[in-house]
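In what follows, a single structure is set out as structure tokens and then discussed.
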Amino acid sequence: MRLGFIVERLLQLIPVLIGISLVVFLMMALTPGDPVEIMLGDQLATAEQKESLRRDMGLDLPVAERFARFVKNALGGDFGRSFFHRRPVAEVIAERLPATIELTIVAMLIALAVAIPLGVLAAVRRGSLIDKAATVISLVGVSMPGFWLGIMLILLFAVHLGWMPVSGRIDYAFEVPRITGMILFDSLVQGRYAAFLNALHHILMPAVTLGLAMAALLMRVTRTSMIEVLQQDYIVFAEAKGLSRARVLVRHALKNALIPTVTVAALETGYLLGGNTIVEMVFGWPGLARVIVEGIYSRDYPLVQAGVLVIAVIYVTVNFAADVLYTLLNPRVKL
Amino acid sequence: MITAAVRSAAERQDSILRINLRKFTRDRLAIVAAAGVVLFFAMALLAPWLAPHDPYDTDLLRRLQPPAWMEGGEWSYVLGCDSLGRDIVSRIIYGARISIFIGVVVVLLATLVGTLAGLAAGYLGGAVDGVISRIVDVLLGFPYLIFAIGLMGMMGPGLQNIILALVYKEWTISCRVVRGETLATRELEYVEAARAVGASRTHIMLREILPNIMSPLIVVATTRMATIIILEASLSFLGLGMQPPLASWGSMVADGRSFLSDAWWVGTFPGLAIFLLVLAINLASQGLRDAFDPRLRQ
């Protein structure tokens, strides 16, 4: 039964993925300007050379055929060559993606670490000063443009106080052999604790900037679902049984109240992935989102196309996982 | 008979809207926030009369002049000047025009398209619903900013392109809301009654269902405006939105980034303007939500 549900959801994923690749393909296919001219840049080429390049890139084929080729190549991890980096796009992406994933994960962890205690506190002391303050803080968090928050943090903690590095992932003095490309993880596994601390120091401001709005959102979700759970019969029963307040809150209420929080967190990953573009630009974070924006500046279309596609596919996959998890975790959803 | 039914529906809708609005006016914080939003709108409209200086007037002698209260500042340039010696206050006032114009136009267009698509999907169902829902699913598969960035990269910067890039995705939000509400409404008795007396499908969708789902639609639209304003500012910040010398809040903040250590005011104040406008919209729309939709009240 459950397997059937997962398979069904997986099958629903296929048209969405095809649609996404179609949109990404069209985005670039409809871009004005001849890709061959853009690719050549200032280099001189004869008409024949251009023609053969055009054939090599498959630009002489009908659009439908080009799309089929695009999908086929993408499935095999072939996204063509980057005009700007002069090497396969897949290589550039593989190099940059871990930095983006690392930043996203840390931002999410920070958001959860802030949101859950605050949300629970606001729910338990409903209507109190803490509750009102939490509401205001969450509205402020949602209303603050990420790029501005990032710049203000740099201004205060890096420029004025000098506590934080302005940009980058780690100081040049440290060398961490690559395993996953996620420096925090790699340095920890290899026991390079000084490098780990240095990387942690670097990721803090970008991750806070990225995670703040998410924290605000998750806090509200946690508060609402906690309030709902606290009114359930089984909580009243647990309290009537004489269990301590803390035990009731943590063992009985929180466990169920967190289902929506975790689901929303996963569903909003797309928000973080989009917000990454801003944060990576502000903090000079060498991730995929920044490469996409830079690719637009340099008209590096194959790179932009692949970058957007990869991020969309990650997003859809995370959403799928969240959806499946929610259904499996939630006893009220009958399959 | 149809007209009578329609009239009574319209009257009832009218009174629900009025009751909701009365509830809204009792929420003091929301009223203050709404007044703030109105102030920003007025600032945008009256920019030529309010701005103390020409926002495009460069004066290299005033390059990075500090705000009035700092050494070297003067009161006729209260918030100081940017790297080209342009008055920051005047640029913020003019910048409100871009943010608010884009926010309003994108929300209106997206709500219009999304409402029509949502009504069609929810009421007609079948293949129409299938096609529309698949398109929505695909568009929702892109993180918003990434999608807009990709489109802006393709279409190039400029006002019209920003609006298009945002509307292409934004309509899915109101579409989903309207589709859901329509599905919930379509089997209600008054819709069935209209069907029974032979009202056309267009009539039922636009005259029977639409007026009754206005409240959630208005709430969603106002909330979304805040998001749109931040998105536009983000695009302009990245250099993919409004182009210089136009005074856009996002590009002003980007400009200020280069002078963080010696002229913090260049990027700080335009960002503060975005924050205050978005906060005011969010507070006001939360008040609207509380008043309009008892289900969503916390």
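The values are calculated or read from the model by the stated rules, or taken from the named source; none is laboratory data. These numbers were taken from a predicted model, which means no experiment stands behind them. Neighbour counts run over all protein chains shown; Cβ positions are idealised from the backbone, glycine included.
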Does region B:25-48 hold any residues that are more than 21 Å from residue B:245 (Cβ to Cβ) and over 21 Å from the mean Cα position of the chain (by Cα), and which are they? B:25, B:26, B:27, B:28
If we keep just the residues of region A:1-38 that are exposed (fewer than 14 other Cβ atoms within 10 Å of the Cβ) and not in a helix (DSSP H, G or I), which is farthest from the other protein chains (Cβ to nearest Cβ)? A:1
Which residue pairs have Cβ atoms closer than 6 Å, lie 6 or more positions apart in sequence or on different chains, and pair a first residue in region A:319-330 that is more than 13 Å from chain B (Cβ to nearest Cβ) with a second residue that is of a type in the set (A, V, I, L, M) and not in a helix (DSSP H, G or I)? A:327/A:333
Qualifying position, being within 15 Å of residue A:284 (Cα to Cα) and of a type in the set (Lys, Arg), among A:220, A:169: A:169
I'd like the residue in region B:246-268 that is among the aromatic types (Phe, Trp, Tyr) and in contact with a helix residue (DSSP H, G or I) (Cβ under 6 Å, 6 or more places away or on another chain) and, out of all such residues, is surrounded by the most Cβ atoms within 10 Å (Cβ to Cβ). B:249
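Which is under 12 Å from the mean Cα position of the chain (by Cα) and aromatic (Phe, Trp, Tyr), of A:301, A:297, A:271, A:234?
A:271
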Limited to region A:266-287, what total is found for residues that are in a helix (DSSP H, G or I), under 16 Å from residue A:106 (Cβ atoms) and either away from every other protein chain (no Cβ under 14 Å) or hydroxyl-bearing (Ser, Thr, Tyr) (or both)? 2
Could you list, in sequence order, all residues of region B:225-255 that are touching a residue at least 60 places away in the same chain (Cβ under 8 Å), away from every other protein chain (no Cβ under 11 Å) and in a loop (DSSP other than H, G, I, E, B)? B:241, B:242, B:243, B:245, B:246, B:247, B:248
Given (1) touching a residue at least 12 places away in the same chain (Cβ under 8 Å); (2) surrounded by 11 or more Cβ atoms within 10 Å (Cβ to Cβ), number of the condition residue A:41 does not satisfy: (2)
Would you point out which residue out of A:263, A:209 is more than 10 Å from every other protein chain (Cβ to nearest Cβ), in contact with a Phe, Trp or Tyr (Cβ under 7 Å, 6 or more places away or on another chain) and in a helix (DSSP H, G or I)? A:263
Checking residue A:245 against (1) modelled with pLDDT under 80; (2) within 14 Å of another protein chain (Cβ to nearest Cβ), the condition it does not meet: (2)
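So that you can scan it fast, the table gives a plain yes or no per residue for (1) away from every other protein chain (no Cβ under 11 Å); (2) assigned to a helix (DSSP H, G or I):
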site: A:149; (1), (2): no, yes
site: A:152; (1), (2): no, yes
site: A:168; (1), (2): yes, no
site: A:186; (1), (2): yes, yes
site: A:191; (1), (2): yes, no
site: A:198; (1), (2): yes, yes
Residue pairs meeting the criteria (Cβ under 7 Å; at least 6 apart or on separate chains; first facing chain B (nearest Cβ under 10 Å) and closer than 17 Å to residue B:156 by Cα, in region A:300-318; second modelled with pLDDT under 90 and not in a helix (DSSP H, G or I)): A:300/A:82; A:300/A:83; A:300/A:84; A:301/A:31
Does residue A:175 meet the test of being among the charged types (D, E, K, R), at negative phi, assigned to a helix (DSSP H, G or I) and more than 22 Å from the chain's Cα centre (by Cα)? no
Failed condition for residue B:144, given (1) crowded, with 17+ Cβ neighbours inside 10 Å; (2) without any contact (Cβ under 8 Å) to a residue 24 or more places away in the chain: (2)
Tally time: how many residues in region A:91-109 are among the aliphatic types (A, V, I, L, M) and surrounded by fewer than 20 Cβ atoms within 10 Å (Cβ to Cβ)? 4
Within region A:226-285, take every residue that is in contact (Cβ under 8 Å) with a residue 24 or more places away in the chain and of a type in the set (Asp, Glu) and give me the one that is farthest from residue A:170 (Cα to Cα). A:228
Which of the residues belonging to region A:289-298 are more than 8 Å from every other protein chain (Cβ to nearest Cβ) and touching a helix residue (DSSP H, G or I) at 6+ places or on another chain (Cβ under 7 Å)? A:290, A:291
Among the candidates B:173, B:163, which residue alone is at pLDDT 85 or above and within 14 Å of chain A (Cβ to nearest Cβ)? B:173
If only one of B:269, B:259 is farther than 30 Å from residue B:22 by Cα, of a type in the set (A, V, I, L, M, F, W, C) and either modelled with pLDDT of 90 or more or outside any loop (DSSP other than H, G, I, E, B) (or both), which one is it? B:269
Any residue at all in region B:45-62 that is polar (S, T, N, Q), surrounded by 14 or more Cβ atoms within 10 Å (Cβ to Cβ) and outside any helix (DSSP H, G or I)? yes
